[in-house]
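Asker: Could you have a look at this structure, given as structure tokens, before my questions?
The values are calculated or read from the model by the stated rules, or taken from the named source; none is laboratory data. Just so we're clear, the structure is a prediction, and the values are computed from it rather than from any experiment. Please note: Cβ atoms are built from the backbone with ideal geometry, for glycine as well, and neighbour counts cover all protein chains shown. The area values use the complete protein model at the heavy-atom level, side chains included, leaving out ligands, DNA and RNA. Shrake-Rupley method; radii C 1.70, N 1.55, O 1.52, S 1.80 Å.
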Amino acid sequence: MFEDLSRKLDGVLGRLRQRGVLTEPMIREGLREVRRALLEADVNFRVTREFLERVREKAMGERVLKSVSPGQQIVAIVHDELALLVGADGETALRWSPAPPTVIMLVGLQGSGKTSTAAKLALRLKRQRRSVLLAACDLHRPAAIDQLRVLGRRAGVPVHHEEGATDPVEVAAAAHRRARRDKASVLIVDTAGRLQIDGPMMAELVRLKRVLEPREILLVADAMTGQEAMRIADGFDRVLGLTGFVLAKMDGDARGGAALSIHGVTGMPLKFVGTGEGMDALEAVDPQRIAGRILRKGDVVGLVERARAVVDAREAGRLQEKVLGRGRFTLEDFLVAMRQVRRMGPLDQLMRMIPGASRALPAGEVDPKRLRHIEAIILSMTPEERRRPEILNGSRRKRIARGSGRPVSEVNRLMKRFSEMEEMLKTMKGLAPLR
């Protein structure tokens, strides 16, 4: 997400950063390019205009123009204003009921990603040590209940459903009673998709709201709909009074304009973004971190959160002992480490979270297929070869190449890089010679 906008803003702001002195005409020209970049990213016109007015007012100040590094000052201003486009600090966090359960109701069009978002949110809250119950209240879409049950099992979260039920309000009321009985701290309600102009279906949501008294009513919108999400939100908000947004499928939207327009157009915060199909691919929105990622400053906090969520702590400890302790780091260990990284998400997303990495290694050069090729090569080796790569002579390498479907040159390149990594590890504190 934000790839196109990040690239264009980086070009504009990079030119401003390089100048030792900035004049008002230079700033005006730079902001014209920023305006073009925002509009091409599908950011709402009014939001763009107000954003540029705030940046221009601050950037033209004497303190900026006469500072030692005016370009850096303008980058800081743009960063802060981008963060405000997403929402004020603390505004994007979930609101909790004084007495459990906190009810979170997900609404939106059919196909927007509500059911998968419900399961992802349940898993996220479970990892925060909250007890969660999912309620299957989509009785209109065939197999919706089965889908939520499957996803609930994957998340390790119970799902309340009632076979043969015809009234989602009755199902929701029963789920609420169960949540209180089981002392669940959160009840997440998955509702049927509907158009905001469908009177009877919207009336059903009003009944659900009256019975559940939800603390959060979140509209799940497909990021690919762009500005249409604002019009959809207006219809739902007038009937229900939304408390926030979830933008699903953000990984498929290189522009990201909807994410930067929602708060300015509707006044409601963006609370979560879906970044992929995996159960871990739901990120809480932090305005400062999103602004940092757009400006290619990275998101180390987000990277650490992903690692904590998906990396096996025991396995990570064993690898750390291999690297910093007395053991030998083998190709088997390398394969384990590589799989841990892959579980954290698409490689291009991870690279954008590392400060400066997106400039050093452009997105086009981060090819996830390479990891699969490396995995195929290592899996084509015998256990002995993985533990003792020094025995890999020419004939063994040809056999591995045939088994993995990769050229011998690729096998040789992997072994050369692994050998270089071994030499580097030898120099690390406490590591005994590997050979």
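Asker: Kindly identify segment 376-426 as rounded, prolate or oblate by the Cα gyration tensor criterion: order the square roots of the eigenvalues as a ≥ b ≥ c, call it rounded if a/c is under 1.5, otherwise compare a/b with b/c, prolate if a/b is larger, else oblate.
Answerer: Verdict is prolate for segment 376-426.
Asker: Can you order the peptides 133-140, 263-270 by their average number of other Cβ atoms within 10 Å per residue, highest first?
Answerer: Result, highest mean Cβ count within 10 Å first: 133-140, 263-270.
Asker: Same structure again: What does the accessible area of Lys416 come to, in Å² to the nearest 10, when a probe of 1.4 Å is used?
Answerer: About 130 Å², rounded to the nearest 10.
Asker: Further question: Give a residue-ordered list of calculated ³J(HN,Hα) values for segment 137-151 (Karplus: 6.51 cos²θ - 1.76 cosθ + 1.60, θ = phi - 60°; whole Hz; x for Gly, Pro).
Answerer: 10, 8, 9, 9, 8, x, 6, 5, 5, 4, 4, 5, 5, 5, 5
Asker: Could you please put Met26, Met279 in sequence from largest to smallest accessible area, using a 1.4 Å probe?
Answerer: Largest to smallest exposure gives the sequence Met26, Met279.
Asker: Further question: At 1.4 Å probe size, with every protein chain present, just tell me what the per residue accessible area of segment 149-218 comes to in Å². Show your work: numbers first, answer last.
Answerer: Values: 3550 Å² over 70 residues.
Per residue, segment 149-218 has 51 Å² of solvent-accessible surface.
Asker: I'd like the FRET efficiency for Gln288 and Arg238, computed as 1/(1 + (r/R0)^6) with the beta carbon distance as r and R0 of 51 Å, rounded to 0.05.
Answerer: 0.95
Asker: In addition: When all protein chains stay in place, what accessible area (Å², nearest 10, 1.4 Å probe) is found for Asp167?
Answerer: Rounded to the nearest 10, the figure is 30 Å².
Asker: First compute the accessible area of segment 228-267 with a 1.4 Å probe, then give the percent of it belonging to carbon and sulfur atoms. Could you put the intermediate results ahead of the total?
Answerer: Numbers: 560 of 1280 Å².
Ligands and nucleic acids excluded, carbon and sulfur reach 44 percent.
Asker: Pull out the extension gain between Glu91 and Ala173, defined as 0.36 nm times the separation in residues minus the alpha carbon to alpha carbon distance; nm, one decimal.
Answerer: 26.6 nm
Asker: Moving on to the next point. On the protein heavy atoms, probe 1.4 angstrom, tell me the percent of accessible surface of segment 1-40 carried by carbon and sulfur.
Answerer: Carbon plus sulfur share of accessible area: 48 percent.
Asker: With each pseudo-label sitting 7 Å past Cα toward Cβ, what's the Glu375-Gln18 distance in nm, one decimal?
Answerer: 4.0
Asker: With every protein chain left in place and a probe of 1.4 Å, what is the accessible surface of Met60, to the nearest 10 Å²?
Answerer: Met60 exposes around 40 Å² with every protein chain in place.
Asker: Let me ask something else. Hey, for a label at His140 modelled as a point 7 Å past Cα toward Cβ, could you say which residues of segment 216-239 have their backbone N under 14 Å away?
Answerer: Correct set: 236.
Asker: For Lys183 paired with Gln128, estimate the spin-label separation in nm (one decimal), with each label point 7 Å from Cα along the Cα-to-Cβ line.
Answerer: With each label point 7 Å from Cα toward Cβ, the separation is 2.1 nm.
Asker: How high is the FRET efficiency between Arg388 and Arg343 when r is their beta carbon distance and R₀ equals 30 Å, given to the nearest 0.05?
Answerer: 0.65
Asker: Something else about it: Label-point separation (nm) for Glu228 and Glu57, each offset 7 Å from Cα along Cα-to-Cβ?
Answerer: Once both label points are built, they end up 3.6 nm from each other.
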